[in-house]
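Working notes for the structure below.
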Protein chains: 4
Amino acid sequence: MAHTIKDKTKLLARVRRIKGQAEAVERALEAEIGCADVLMLVASMRGAINGLTAELMEDHIRHHVVNPDSEPDPDRARGAAELIEVVKTYLK
Amino acid sequence: MAHTIKDKTKLLARVRRIKGQAEAVERALEAEIGCADVLMLVASMRGAINGLTAELMEDHIRHHVVNPDSEPDPDRARGAAELIEVVKTYLK
Amino acid sequence: MAHTIKDKTKLLARVRRIKGQAEAVERALEAEIGCADVLMLVASMRGAINGLTAELMEDHIRHHVVNPDSEPDPDRARGAAELIEVVKTYLK
Amino acid sequence: MAHTIKDKTKLLARVRRIKGQAEAVERALEAEIGCADVLMLVASMRGAINGLTAELMEDHIRHHVVNPDSEPDPDRARGAAELIEVVKTYLK
């Protein structure tokens, strides 16, 4: 099943931001700015990857396992909602 | 202090690989391949970022703090060598 | 829904091992062994916590969302199996 | 070289808190509280381990490599201070 158009647009924006961050790290290395500054850029990129991962996992749960907003079985709906919360906590 | 040419070449190769991985994730999202496959690509990218981070931290320790291979004080040389090992363990 | 007895026994063994690792770190700090050795003990404890997290997430998916081994809907069964794989990859 | 008494007291308080968190996870599993609640307890424990790791790395840098507050070489003092910042960013 395909992602919704809205999800796809958001995910593409996130991954393009990560690509831009990689390019900034590349330029920083070429310009020989200090290691510590490069490491801070890489830390931001790592944070952006965690954000992308949390969003992809949430989309996977909603579209391919159980969508808590439309699931008729209340136990499953609650289990999926809790799982999405847990994933966000671990990846924030 | 600038990195050595050899370090810089290796670091640039790592960051260009990460940029290539971000482009692969972008193409995968555009082609609407499955979430789980996209997540595996993102996991590889995260691993590559950990590798880049460990290498940047090692370079920072060697070039801006204490280089265990040339430090005359043996306690500092050992402390820096241990720190490099610890960083690699945490980021592998 | 409660965990199966088998899952609970495995999870308790994991968490008791982590408690033992915390006690080993405590003794190491009291005995003033080197920082680097303490950091290696803490790295092992972190690995054990990732293992516990992956197992708890897998149990949560199986018992409270979708169990891929007993789910009649093949798309959901596949989605849940993929999700378990992804969680293991991210936490190994 | 031994840690200062103050550092040791703080580190022991951190590790005892982690031991207490492991005991809380153990009791939660025995009491069969929900998976999602157990996972949130484990996430707190993981955060506490990152905090302990950052503090141990900072102590190691200060006592066994270069202490930015007492180092006469200004480049090394700055390199060590930057490294401590980077470690905190990565482990927060």
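The values are calculated or read from the model by the stated rules, or taken from the named source; none is laboratory data. The model shown is predicted, which means the values in this text are computed figures rather than measured ones. Cβ sites come from the backbone with ideal geometry, for glycine too, and all protein chains shown count toward neighbours.
Side notes on the structure shown:
- Just one of (1) more than 13 Å from chain D (Cβ to nearest Cβ); (2) at pLDDT 95 or above; (3) more than 19 Å from the chain's Cα centre (by Cα) fails for B:Ala77. It is (1).
- When segment C:60-74 is filtered for residues that are of a type in the set (Gly, Ala, Ser) and at the interface with another protein chain (Cβ under 7 Å from one of its Cβ atoms), nothing remains.
- Taken as a whole, segment D:69-77 holds no residue that is in contact with a Lys or Arg (Cβ under 8 Å, 6 or more places away or on another chain) and assigned to a helix (DSSP H, G or I).
- Candidates D:Lys19, D:Lys6, D:Lys10 - the one that is in contact (Cβ under 8 Å) with a residue 12 or more places away in the chain and basic (Lys, Arg): D:Lys10
- Residue list for segment B:16-59, filter: β-branched (Val, Ile, Thr), within 13 Å of chain C (Cβ to nearest Cβ) and in a helix (DSSP H, G or I): B:Val38, B:Val42
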